[in-house]
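What follows is a single structure, written as structure tokens, with notes after it.
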Amino acid sequence: MKIAKTVFLAGLIALGLACGYSKPANTPAMPGSMPNITQLAPNNANSGGPAFTLTVNGANFAGNAKINWNGMALTTTPMSGNKLVTTVPASDITTAGSAMVTVTNPGTPGGQYGGGTLPETSNSMTFTIN
């Protein structure tokens, strides 16, 4: 009986080792929703002018999307999935030239085993500073 128990225990251990155990695979993040800008309103301002409200129209804007002015995120208010609003400070339009405007949808975190979505940045539109 003792030998039978030992053989059974050894078999159980061997079976456990043979089945193996590995950590669950981490799922890589998937591409997020790509925002698209179709219009800036206004699309120009006079240099040295006051701060102003910029409306960005387009599609696929996430509820926490950010308007970027020359690559710097501005405080953004979502109006809908197609419209975002921000205030451009006067300090950003002190000299004539142009500014590139984009929209970034932040990524979403994954769960315990990865996943989620990557951040995505829209096409750029040129804002003219006269």
Only one of 26, 57, 82 is touching a Lys or Arg at 6+ places or on another chain (Cβ under 7 Å) and of a type outside the set (Ser, Thr, Tyr), namely 57
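Would you be able to tell me the number of residues in region 71-115 that are part of a strand (DSSP E or B) and under 19 Å from residue 36 (Cα atoms)? Before you say what the answer is, go through the steps one by one.
The first filter runs over region 71-115 and keeps only residues part of a strand (DSSP E or B), leaving 72-74, 76-80, 83-88, 97-105, 108, 111, 114.
Applying the additional criterion that residues be under 19 Å from residue 36 (Cα atoms) yields 72-74, 76-80, 83-86, 99-105, 108.
Within region 71-115, residues that are part of a strand (DSSP E or B) and under 19 Å from residue 36 (Cα atoms) number 20.
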If you go through region 64-72 one residue at a time, do you hit one that is modelled with pLDDT under 95, surrounded by 17 or more Cβ atoms within 10 Å (Cβ to Cβ) and of a type in the set (D, E, K, R)? no
Condition first: touching a Ser or Thr at 6+ places or on another chain (Cβ under 7 Å) and modelled with pLDDT of 95 or more. Now tell me which residues in region 1-47 satisfy that. 35, 36, 37, 41, 43, 44, 47
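Suppose we filter 94, 77, 87, 121 for residues that are closer than 16 Å to residue 31 by Cα and polar (S, T, N, Q); which single one remains? Outline the logic, then answer.
Values: 94 fails: closer than 16 Å to residue 31 by Cα; 77 fails: closer than 16 Å to residue 31 by Cα; 87 fails: closer than 16 Å to residue 31 by Cα.
Within the list 94, 77, 87, 121, the selection yields 121.
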Would you please list the contacts, defined by Cβ atoms under 8 Å and residues six or more apart or on different chains, that run from a residue in region 105-120 that is modelled with pLDDT of 85 or more to a residue that is acidic (Asp, Glu)? 105/120
Just wondering, is there one or more residues in region 83-105 that are surrounded by 15 or more Cβ atoms within 10 Å (Cβ to Cβ), of a type in the set (A, V, I, L, M, F, W, C) and in contact with a helix residue (DSSP H, G or I) (Cβ under 8 Å, 6 or more places away or on another chain)? yes
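The values are calculated or read from the model by the stated rules, or taken from the named source; none is laboratory data. Source: prediction; values computed, not measured. All Cβ positions, glycine included, derive from the backbone under ideal geometry; neighbour counts span all protein chains shown.
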